[in-house]
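The values are calculated or read from the model by the stated rules, or taken from the named source; none is laboratory data. From a predicted model like this one, the values you see are computed outputs, not experimental measurements. Here Cβ is always computed from backbone atoms with ideal geometry, including for glycine, and neighbour counts include all displayed protein chains.
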Amino acid sequence: MLRINELRLPLNHAEADLRPAIVQRLGIADSALKSFTVFKRSYDARKKTAMLLIYTIDCELADEAAVLASHLGDHQIKATPDTSYKFIGHAPADFYAAERPRPVVIGFGPCGIFAALILAQMGLRPIVLERGKDVRQRTKDTWGLWREQRLDPESNVQFGEGGAGTFSDGKLYSQISDPRFLTRKVLTEFVKAGAPEEILFVSKPHIGTFRLVSMVIKMRADIEALGGEIRFQQKVTDLLIENEQVRGVTLESGEQIRTDHVVLALGHSARDTFTMLHERGVYMEAKPFSIGYRIEHPQSIIDKARFGPNAGNEILGAADYKLVHHAKNGRSVYSFCMCPGGTVVAATSEPNRVVTNGMSQYSRNERNANAGIVVGITPEDYRQDGKTDGSLVNPLDGMAFQRIWESRAYELGEGGYLAPGSLVGDFIKRQRSKAFGSVEPSYKPGVTLTDLQQKGRGSLPTYALEAIREALPAFGRQIRGFDMADAVLTGVETRTSSPLRVTRGKDYQSLNIRGLYPAGEGAGYAGGIMSAGVDGIEVAEALGRAMLAEV
């Protein structure tokens, strides 16, 4: 196979135009092109009146060697790389004959799912322990918060089958380095589980919450069919450690499971588990993260600003954006987890605290666009001991800092998990909003308009408020209408990423506890569905390599 990169055609070209464009680019006769497939399709929106589609095409040719020879030095025409997944090994049929302990995966979000799937595909029969409920019941419990202001601390947007990624836009793209094409393995498994095949070639694939639910169920069934075991409502409360080696886990019920290999795929909100790990001496460190608000605009404004006369084009879909501003006070403000045609959702996992996040369905056809507008913070910003001597920050301090602002948001929202909000125009003018304008907020249970910057009761630290206030007009100069007066800010977004890192070595194991494999977003090694899935694969490979070496 031969690959053509950067093949450009007009946005509205006919499907039949692709073949002659390939033939012309390669300089061959039409009969020499046996077949072709689209590996990737993106778009160039820099010239809104003449937008282009950009293709990566894999071709089967009558004489591939001759065509490659004729294009030596052309970096856009190369042999197609092998993107298939290669297993590092498989367990023999009698691997567990001697009652060898099975590997345990804690958490069943994107990272835990792919760690368990790879382990199962290698014949290692993992036991998955998920503190939350199965995805169907979890969905009902989540709607209980959104519709009835009733929170289940163990079954919500953060906890349960599928993890936080289930109630999101289902974005399946990442900027991670991927020399082994592990993202292709993730996408392929998603398609097998029912995702649309277009995710294999569109530049910014997404699935949406409703489709993710059914896919997660299918992937669970695949793991179980391969000998894996998934147990819900199984909260791990302790690690059994002997001589700096994991020997098992203890569940809330008191049951102990013996194991020498544990994948920690906790997600970024398992605060009680992080506390337990810290108390057990597992090495971890504080890390930067970001805090801010969700902002909502009419999706039509974003479409027009990004696509001009091509707004509404079916191929382009709902427009997204990515913004960054470096404020005068030294803070960086940027857009995060942009959800075209989506909704702002209640994402708390603790009583009497408010947390926001964004979600979209596959259609992305809701009226509003939303995104996090967040400010980067460092461990020195949130350390609780007041020291300024450069000493290490307690890794649990970031969780304490998050809780302060989540509790403040609950207070400003006036209870019932209502979120505090402000119109953008009023926020810039530092005044209280009294009534919504053209943008109706999508957050449920609801939004309480207030002054997000009131003295002594501000919804975020002063430096964050100043930076966001400065950034909004700057963003308006990049996307016309972004700082429209009646766009809505809803607070607070505090769980952009884990506030700590459970540090691991090159072998993917904890620095000081053998057999413990910190993984995914909660451990500080991923940010989103794709990177979490890839990290789950890599951790499973490292664990599998260690187990198979014991044979």
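Structure notes:
- Scan of segment 435-460 for residues that are within 21 Å of VAL157 (Cβ to Cβ) and free of Cβ contacts under 8 Å to residues at least 12 places away in the same chain, ordered by number: none
- Flag if GLY228 is small (Gly, Ala, Ser), more than 30 Å from LEU53 (Cα to Cα) and surrounded by 15 or more Cβ atoms within 10 Å (Cβ to Cβ): yes
- Pick from segment 245-275, criterion at positive phi and out of contact with any Lys or Arg (no Cβ under 6 Å at 6 or more places or on another chain), ranking: modelled with the highest pLDDT: GLY254
- Test: ARG457 is under 23 Å from ASN329 (Cα atoms), modelled with pLDDT of 95 or more and either out of contact with any Leu (no Cβ under 9 Å at 6 or more places or on another chain) or not small (Gly, Ala, Ser) (or both): no
- Residues in segment 123-136 that are under 23 Å from the mean Cα position of the chain (by Cα) and in a loop (DSSP other than H, G, I, E, B): ARG131, GLY132, LYS133, ASP134.
- Residue match in segment 104-114 (condition: at pLDDT 95 or above, on the phi < 0 side of the Ramachandran plot and in contact with a Pro (Cβ under 9 Å, 6 or more places away or on another chain)): yes
- Total residues in segment 55-91, condition out of contact with any helix residue (DSSP H, G or I) (no Cβ under 9 Å at 6 or more places or on another chain) and under 30 Å from ARG125 (Cα atoms): 2
- Check on VAL375, touching a residue at least 24 places away in the same chain (Cβ under 8 Å), in a loop (DSSP other than H, G, I, E, B), under 24 Å from LEU500 (Cα atoms) and not acidic (Asp, Glu): no
- Of all residues in segment 418-452 being closer than 26 Å to MET359 by Cα and of a type in the set (S, T, N, Q), the one that is modelled with the lowest pLDDT: SER433
- When ALA91, ALA115, ALA120 are checked against the criterion of being hydrophobic (A, V, I, L, M, F, W, C), surrounded by 12 or more Cβ atoms within 10 Å (Cβ to Cβ), outside any strand (DSSP E or B) and in contact with a strand residue (DSSP E or B) (Cβ under 6 Å, 6 or more places away or on another chain), a single residue qualifies: ALA115.
- If only residues of segment 150-173 that are under 9 Å from the mean Cα position of the chain (by Cα), small (Gly, Ala, Ser) and part of a loop (DSSP other than H, G, I, E, B) are counted, the one that is modelled with the highest pLDDT is SER168.
- Boolean, ILE529 is at pLDDT below 95, buried (at least 19 other Cβ atoms within 10 Å of the Cβ) and assigned by TED's automatic domain parsing to the domain that holds LEU212: yes
- Filter result (in a loop (DSSP other than H, G, I, E, B) and in contact with a helix residue (DSSP H, G or I) (Cβ under 6 Å, 6 or more places away or on another chain)) within segment 480-506: ARG480, GLY481, PHE482, ASP483, ALA485, ALA487, THR494, PRO499
- Just one of (1) in a helix (DSSP H, G or I); (2) crowded, with 23+ Cβ neighbours inside 10 Å; (3) hydroxyl-bearing (Ser, Thr, Tyr) fails for THR139. It is (2).
- Only a single criterion out of (1) more than 24 Å from ALA270 (Cα to Cα); (2) over 25 Å from the mean Cα position of the chain (by Cα) is not satisfied by SER442, namely (2).
- Tallying residues that are touching a Leu at 6+ places or on another chain (Cβ under 6 Å) and either within 17 Å of PHE159 (Cα to Cα) or among the acidic types (Asp, Glu) (or both) within segment 204-250 yields 3.
- When TYR463 is tested against the conditions (1) aromatic (Phe, Trp, Tyr); (2) assigned to a loop (DSSP other than H, G, I, E, B); (3) in contact (Cβ under 8 Å) with a residue 60 or more places away in the chain, the lone failure is (2).
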